[in-house]
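This report concerns only the one structure given below.
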Amino acid sequence: MISVKTLSFITGRALQGVVVMFGVSLIVFFALFLTGDPAALMMPPEASRAEIEAFRQAMGFNDPVLVQYLRFVGGILHGEFGNSLRFQRPALDLLLDRLPATALLAFVALAWSSLLGFVLGTIAAIRQNSGIDFAIRVISLLGQAIPVFWLALLLIIVFSLNLRWLPSSGIGTVQQLVLPSLALGAYYFSAITRLVRASLIEVLGENYIRTARAKGISNWRIVVHHALRNALIPVITVQGMYFASLLGGALITEIIFAWPGIGRLAVDSIQTKDFPVVQAVVIFAALVFVVMNFLVDIAYVFLNPRIRL
Amino acid sequence: MTRFWTVRRNADAVLAVALLAAVAGLCILVPLLWPLDPTRGLLTATFRPPMSVVDGQLHPLGTDQLGRDLLARLGLGTAISLGIVLLAAVISVVLGTVLGMLAGYFGGWLDIVIMRAVDIQLAIPFILLILLIVAVVGPSMGNLVVVLGVTGWAIFARVARARTLEVRELEYVEASRAIGLSNTAIIFRHVLPNIVGPQTVLVTLDLPRLIILEASVGFLGLGVQPPTPTLGNLIGEGRSFILLANWLVLYPGLTIGALVVGCNLLGDWLVRRADRRNA
C-alpha cells in the first residue's frame with residue numbers, strides 16, 4: 001500500500017529532479033556564453049564579419065540573454081534543441097537516430113558486468129580471505145584502474161590484431177559487439193564485484209545470520225535466502241547511478257570501436273563545434289541520470305521497509 | 001591459518017607507496033636528468049622498439065612516429081598530467097570544503113541552494129561537461145585545471161557538509177559561540193580541523209577519477225595540445241600506430257594503471273586505518 005508519506009516522498013523527489021534539470025539547462029545554455037560571443041564560436045574561423053553578423057541575427061543572439069534562455073528552455077520542453085549546424089537537421093532527430101546503438105551497447109555491458117560481478121562478489125564474500133577471494137580482489141582492483149580507452153586498445157591489439165578472433169570496429173554482428181561491451185563493462189564489473197563483496201560480508205556478520213547458522217541452516221541457504229536479499233540494497237542504489245554514468249564511458253568506447261552511438265555523436269559535434277547537438281546530448285544524459293536516480297530512490301523505499309520516511 | 005595475503009595488513013599500503021614512488025620517480029627524475037629532448041626526434045629513427053640503440057644513444061622505451069624518445073616523453077607527460085590533476089584536486093577540495101561548511105553551518109536557504117547545486121553538478125556527465133567547456137574556451141593547460149577543478153567539487157561539499165552538521169552540535173563549538181567567537185573563527189578554527197582528515201582520504205580516492213578523466217580528455221585530443229605530451233595524448237597519438245608500435249600505447253597505459261592502483265590502495269588503507277581508530 002502506498003501511504004501518504006510515501007506519496008509525498010515521491011513527489012518531493014520528482015520536484016527535486018525538476019529543479020536539477022532546470023539547473024542543468026542553465027549550465028548548458030550559459031556554457032556557450034563563456035567566451036562572450038557564441039556566434040563567432042560556432043562559425044568557421046574563415047567566416048567574414050558580415051556572415052557572422054547574419055548568423056547572429058538568424059540564431060537570435062542579438063536578443064536579451066533572458067529572452068534567449070527562455071526560448072531555449074521553451075524549445076527543450078517542446079523537444080526542440082535547434083538544428084544541427086552540420087547536418088541542418090533537428091538535433092533531437094540525430095540523437096534519437098543514434099540512441100538504439102548506445103542503448104544496446106550499454107545494456108550488454110551492464111548485463112555481463114552485473115551478472116559476473118554479482119557471482120564473483122558473492123563467491124569472494126563467502127570465501128573471505130581465501131585464495132579465490134584474493135584473486136577476485138586483484139581482478140576487480142585492476143578493472144577499476146585501467147582506463148577504458150587503454151583497455152579497449154589492448155583488446156584490439158590482442159583479439160583483433162594478434163589473434164584475429166574479433167573485429168575491431170563497426171556495428172551489425174554479434175562479434176562486433178563483444179569487444180566494445182567488454183571494454184565498457186570492465187569498470188562496472190569491478191565496481192559491482194567490490195560492492196557485492198563488501199556488502200555481503202557486512203550482512204554475514206549480522207546477528208540474524210548467526211541465529212540462522214545456530215539453527216543449523218545450511219550455508220548455501222543462508223546466503224541465498226537471508227543474506228543476499230539485504231546485501232543487494234546498496235548494490236541496486238549504485239547500479240542506477242552507474243547506468244546513467246555509463247554514457248561517459250560509452251563516449252570513449254564508441255570512438256575507439258567506431259560504434260555509431262550518442263557518445264560518438266557528442267564528440268564529433270564538439271570537435272566540429274556543432275553546439276546544438278552537444279546541448280541536446282548533455283541534456284539528454286542528465287535527464288537519464290535524473291530519471292534513473294528517481295527510480296532508484298523509489299525502488300529503495302519499496303525494497304527496504306526499514307527506511308523511515 | 002594464515003596465508004601470505006593476510007599476513008600483513010599493511011602490505012597493500014606498502015605496495016601503494018612503491019607504485020606511487022615509482023611514478024613520482026619517473027616524472028621527477030626523467031625531466032630533470034634524462035638528456036633527451038621530449039619534443040625533438042630523429043626522423044631517421046622512428047618506431048624503434050624498446051631498448052634499441054640509435055647513434056650510441058639508448059632508448060629504453062623505444063621511439064615514436066617522429067623518432068622522439070618515449071621515456072623522455074613519458075616522464076614529461078606524467079609530470080604535466082599529474083600537475084594538472086593535483087592542481088584541479090586542490091581547487092575541488094577548497095571549493096567543496098568551503099561551500100559544504102557554509103551549507104552545513106548556516107543551514108537554511110544557503111544549504112538548499114548549495115546542495116541543489118551539488119545535485120545538478122552530479123547529474124551532468126563530467127566528461128561531456130568538460131569537453132563542452134574546453135571546446136568553448138579552448139584547450140590550454142590553465143583552462144583544463146580550472147575546468148577539472150570546478151567540475152569536481154560536489155562530493156567534497158557533501159562530505160564537508162555532513163561532517164559540519166555533526167561538529168556544529170558539539171559542546172566546544174557551543175562554548176566558543178557562548179564566549180562570543182565569530183562564525184568565521186568557529187568555522188575555520190573549530191570546524192575545519194575536523195574536516196581535513198576525511199577530505200584527505202576522499203582526495204586520495206577521487207584522484208583516480210581525475211587522472212582517468214584528464215587522460216580521457218587528452219586521448220580525445222581536446223586536452224593539452226601536441227607536441228606537449230600528457231598521459232592521455234600519448235595514448236591518443238599512439239593509437240594510430242598500435243599495429244606498428246604497441247609500446248607507444250603500452251607504457252603510458254601502465255603508468256596510468258600504476259597511479260590509479262596506487263591511489264586506490266592507499267585510499268582504502270587510509271579508510272581502514274580511520275575505521276580501526278574509531279572502533
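Here are the numbers for the structure shown:
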{"item": "Total residues in the range B:204-260, condition in contact (Cβ under 8 Å) with a residue 60 or more places away in the chain, within 10 Å of another protein chain (Cβ to nearest Cβ) and part of a loop (DSSP other than H, G, I, E, B)", "result": "2"}
{"item": "Sole exception among (1) in contact with a helix residue (DSSP H, G or I) (Cβ under 7 Å, 6 or more places away or on another chain); (2) closer than 25 Å to B:ILE120 by Cα; (3) not basic (Lys, Arg) for A:PHE55, by number", "result": "(2)"}
{"item": "Selection within the range B:100-129 - hydrophobic (A, V, I, L, M, F, W, C) and modelled with pLDDT under 85", "result": "B:LEU122, B:ALA123, B:ILE124, B:PHE126, B:ILE127, B:LEU128, B:LEU129"}
{"item": "Meets criteria (over 20 Å from B:PHE241 (Cα atoms), of a type outside the set (A, V, I, L, M, F, W, C) and under 21 Å from the mean Cα position of the chain (by Cα)) for A:GLY131", "result": "no"}
{"item": "The one condition in (1) part of a helix (DSSP H, G or I); (2) closer than 23 Å to A:VAL235 by Cβ that A:LEU177 fails to fulfil", "result": "(2)"}
{"item": "Residue selected from the range A:147-165 under the condition farther than 17 Å from B:GLY257 by Cβ and not in a helix (DSSP H, G or I), by the criterion farthest from the other protein chains (Cβ to nearest Cβ)", "result": "A:TRP165"}
{"item": "One residue from B:ALA157, B:ALA175 being of a type outside the set (D, E, K, R), more than 14 Å from chain A (Cβ to nearest Cβ) and in contact (Cβ under 8 Å) with a residue 24 or more places away in the chain", "result": "B:ALA157"}
{"item": "Residue satisfying condition, being surrounded by fewer than 16 Cβ atoms within 10 Å (Cβ to Cβ), of a type in the set (A, V, I, L, M) and at pLDDT 85 or above, within set B:LEU43, B:LEU61, B:LEU86, B:LEU76", "result": "B:LEU86"}
{"item": "Given (1) among the aromatic types (Phe, Trp, Tyr); (2) outside any helix (DSSP H, G or I); (3) within 29 Å of the chain's Cα centre (by Cα), number of the condition A:PHE61 does not satisfy", "result": "(3)"}
{"item": "Every residue from the range A:149-183 that is aromatic (Phe, Trp, Tyr), buried (at least 20 other Cβ atoms within 10 Å of the Cβ) and without any contact (Cβ under 8 Å) to a residue 40 or more places away in the chain", "result": "A:TRP150"}
{"item": "Of residues in the range A:24-69 being small (Gly, Ala, Ser) and surrounded by 18 or more Cβ atoms within 10 Å (Cβ to Cβ), the one nearest to B:ILE130 (Cα to Cα)", "result": "A:ALA31"}
{"item": "Subset of the range B:30-46 (residues that are touching a residue at least 24 places away in the same chain (Cβ under 8 Å) and part of a helix (DSSP H, G or I))", "result": "B:VAL30, B:PRO31"}
{"item": "Any hit, the range A:37-47, residues being closer than 30 Å to B:VAL113 by Cβ and free of Cβ contacts under 8 Å to residues at least 60 places away in the same chain", "result": "yes"}
{"item": "Residue within the range B:167-175 that is touching a His at 6+ places or on another chain (Cβ under 9 Å), outside any helix (DSSP H, G or I) and over 13 Å from B:LEU99 (Cβ atoms) present", "result": "yes"}
{"item": "Of residues in the range B:99-116 being without any contact (Cβ under 8 Å) to a residue 12 or more places away in the chain and either within 10 Å of B:TRP153 (Cα to Cα) or within 14 Å of chain A (Cβ to nearest Cβ) (or both), the one surrounded by the most Cβ atoms within 10 Å (Cβ to Cβ)", "result": "B:ARG116"}
{"item": "Failed item, numbered, when A:ALA135 is tested on (1) in contact with a Leu (Cβ under 9 Å, 6 or more places away or on another chain); (2) modelled with pLDDT of 90 or more; (3) within 14 Å of another protein chain (Cβ to nearest Cβ)", "result": "(1)"}
{"item": "Matching residues in the range A:27-39 - criterion: being within 11 Å of chain B (Cβ to nearest Cβ) and either more than 24 Å from the chain's Cα centre (by Cα) or part of a loop (DSSP other than H, G, I, E, B) (or both)", "result": "A:LEU32, A:PHE33, A:LEU34, A:THR35, A:GLY36, A:ASP37, A:PRO38"}
{"item": "Unmet requirement for A:ASN129, which otherwise passes all of (1) away from chain B (no Cβ under 12 Å); (2) touching a Ser or Thr at 6+ places or on another chain (Cβ under 6 Å)", "result": "(1)"}
{"item": "Selected residue (criterion: nearest to the other protein chains (Cβ to nearest Cβ)) from residues of the range A:40-51 that are hydrophobic (A, V, I, L, M, F, W, C) and within 19 Å of A:PHE275 (Cα to Cα)", "result": "A:LEU41"}
{"item": "Residue within the range A:13-26 that is outside any helix (DSSP H, G or I), on the phi < 0 side of the Ramachandran plot and within 11 Å of chain B (Cβ to nearest Cβ) present", "result": "no"}
{"item": "Any chance A:LEU41 is at pLDDT below 80, under 23 Å from A:ALA280 (Cβ atoms) and not small (Gly, Ala, Ser)", "result": "yes"}
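The values are calculated or read from the model by the stated rules, or taken from the named source; none is laboratory data. Predicted model, so just to flag it, every value in this text is computed and none were measured. Quick reminder, even Gly has a Cβ in these numbers, built from the backbone with ideal geometry, and neighbours come from all protein chains shown.
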